[in-house]
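The block underneath contains the structure these notes are about, expressed in structure tokens.
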Amino acid sequence: MPGKILIVGFGPGSFEHITERARGAIEESEVIIGYNTYVDLIRGLLRGQEIVRTGMTEEVSRAQKAVQLAKEGKIVAVISSGDSGVYGMAGLIFEVLIEQGWREGDNPFVEVIPGISSIHSCAALLGAPIMHDACTISLSDHLTPWDVIAKRVEAAAQADFVIALYNPRSGRRTRQIVETQQILLKYRSPKTPVGLVKSAYRDRQNVIRTTLEHMLEHDIGMLTTVIIGNSSTFYHDRLMITPRGYQRKYSLDTLEQKLRPAERLRTENEPWALHAVLLEERQSIRQLADEALAIISGRPAQLMKSNAAHPSVANSAATATSAANADGNEAFFANGHMGEFPSAIFEVAIAPGVANKKFTPAQLACLADMAKEQGELEYTTAHQMILRIPTKDPEAIVAQLQSAGLLLFPIGDVVKVKACDFCDGEKHEGIPYAEELTRRLAGRKVEKELRIGFNGCAMSCYGAVNDDIGLVFRKGTFDLFLGAKTTGRNAQPGRRVAEGIPADRMMEVLETIVRDYETHAFPGERFHKYWKRVGQIAGYVYEENAPAVVAETVCGN
Ligand code: SAH
């Protein structure tokens, strides 16, 4: 017959607090092994079992005896007070078995039976002191180096854990609790509530409510558990209570709550939660991205930072907040390929050159490699690729793309310059102007995306006349088109406002127009609307188009 070891935690000491299974295990066993005091405590449950009693420091021989008897085929109960896995016999039994080559499933069969540990029984007698994160620390340095214990006390104090101190003091070990109090006082108020519970649920039960500064004035011994409150623990009459935090959101004295159930989990109603903190972190990542993009476009970072809604990181504050409000999730990540929350999405527009429309295979490979599975590449109507990738280091991305010889532009509400390919470089006279225009204006932050189209000849096959500002290079001079509106019922191309602007004056004219719009446009106001509102820009007067002729419909409707 295979033997059994039942490792029983019998709780604080009263029969009422022993679990059903612990009682059953004691009844079922043929041998009871335990420390003298424990055997006495459960005496009332014994029915003639063989008893192996040992002294205080005899745990190892107790465990070895248990293993030996069980291997002989006996059903052995090894008893611990509280829970057998909390400074009890459970771990030691396994260690002894493992030393003998035992594997799970081998003889003897082992069952660990949980019990109510002192942290819980003592807390119950004090009120509700461990309502928040708590830990147990044993001050016994017989098996644990004191510097390890001190470090744990320090860490727990620092992290504001409620702390249950086991084995706080014995006849020989009297200094440990004094040292512990000193460490705790470095981090917690002297007024912090401290409960001293001796012999919980036993005949000599004694509960003392004191404070961190006065705790040592009371009797603390081998049968005491010391419960140290956290920074918000308080006394109410004789009760020691640690609030869980309900008052942050709920009023406890009215039936009516100011937050409806649907509102309670919203980001703005829990600004302390991780998702709110990550949002904030993302703002700072956005700033980083702005700085990186300022480097791209060679302008000082402040210029880019000045507008809080700069969208160079896709999940800008506005998007992320409203998405998070909807259901606590991020809409941006909900589209399948973004499972992860923590890093922001860096977004940048890429082109192989101003006139050059050809990516080299190496550049494409570089983009593909950067996008991998987590990112995405999008081809846009502005003849650019947009790369979106989750990252915390946009500057590194920028550096890598630039070293691949790619031109980078911020995206969103910025000035965008789109030049044609100059008939694959054949009509190259205009290229230096297009490049200078790009260098000086592209990426500049404006109220609404401002598109400047640049065509190298009168063919205008890249459709510059359909952009907010269109430039057509013709016989060494420029024709200027303004105010195209490409969407809506009253869509129209730009109006030709000037012909034959000398090439060396073009930059100045464009600078004036862009600066005017940049400085005076209303938030979100498109270029053509702005021009219409102010009546003239850089001396070019706005004119209404002749109204369209409404065609008569044949059938009368
Ligand atoms: N396995 C036990 C802990 C054993 S270590 C458990 O889970 O509770 C021994 C320490 O436990 C004692 O020094 C004391 O700090 C605490 N302890 C055990 N029984 C207790 C009781 N009835 N009342 C208060 N503290 C107790």
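The values are calculated or read from the model by the stated rules, or taken from the named source; none is laboratory data. Fair warning: this is a prediction, and the values are worked out from it, not measured in the lab. Every residue, glycine as well, gets a Cβ built from its backbone with ideal geometry; the counts of neighbours run over all protein chains shown. The area values use the complete protein model at the heavy-atom level, side chains included, leaving out ligands, DNA and RNA. Shrake-Rupley method; radii C 1.70, N 1.55, O 1.52, S 1.80 Å.
Annotations for the structure displayed:
- Apportionment of accessible area to carbon and sulfur, the chain, percent (1.4 Å): 52 percent
- Among the GluC sites (Glu not before Pro) within region 45-79, those in coil by DSSP and having at most 13 neighbouring Cβ atoms inside 10 Å are E72.
- Computed from Cα atoms, the angle from the helix 274-296 axis to the main principal axis of the chain rounds to 40 degrees.
- Shape analysis of region 417-541 places it in the prolate category; the axes a ≥ b ≥ c from the Cα gyration tensor give an a/c of at least 1.5, with a/b above b/c.
- Cα long-axis angle, helix 431-441 against the chain (0 to 90 degrees, to the nearest 10): 50 degrees
- Among beta bridges that DSSP assigns inside region 119-241, antiparallel share in %, nearest 5: 70 percent
- Label separation (A551 vs L255): 6.8 nm, computed from points 7 Å beyond Cα along the C-beta direction.
- Separation of alpha-carbon centers, region 66-143 and region 387-459, rounded to whole Å: 69 Å
- Taking the C-alpha atoms only, the angle from helix 146-158 to the longest principal axis of the chain is near 50 degrees.
- Global geometry of the chain, whether rounded, prolate or oblate, following the gyration tensor of its Cα atoms and the 1.5 cut on a/c: prolate
- Calculated [θ] (222 nm, deg cm²/dmol) that DSSP helices of n ≥ 4 give over the chain, each run adding -39,500 (n - 2.57): -9500 deg cm²/dmol
- With contacts taken as Cα pairs under 8 Å and at least 6 residues apart, the chain reaches a relative contact order of 8 percent.
- Between V534, I431, A442, the Cα set farthest toward the positive side of the dipole of region 417-541 (charges on each charged residue's Cβ, about the Cα centre) is that of V534.
- Å² per residue, accessible surface of the chain at 1.4 Å: 51 Å²
- E511-T487 FRET efficiency (beta carbon distance; Förster radius 35 Å; 0.05 resolution): 0.80
- Loop-located trypsin sites (Lys or Arg not before Pro) across region 1-99 with a Cβ neighbour count of 16 or fewer within 10 Å are R47, with loop assigned by DSSP.
- Net charge of the neighbourhood of Y235, taken over other residues with C-beta under 11 Å away and scored Lys/Arg +1, Asp/Glu -1, is +2.
- Packing-based order for 265-277, 475-487, using average beta carbon neighbours within 10 Å, highest first: 475-487, 265-277
- Prolate/oblate/rounded call for region 119-241, Cα gyration tensor, a/c under 1.5 rounded: oblate
- Eligible lysines near K418 by straight Cα distance, threshold 19 Å, same-chain separation 8 or greater: K357, K358, K427, K445, K448, K485
- Selection of chymotrypsin sites (Phe, Trp or Tyr not before Pro), region 509-554, meeting DSSP coil and at most 14 other Cβ within 10 Å: none
- The chain: antiparallel DSSP beta bridges as a percent of all, rounded to 5: 60 percent
- Figure note: S460, S403 ranked by solvent-accessible area, largest first, 1.4 Å probe, ligands and nucleic acids not counted: S403, S460.
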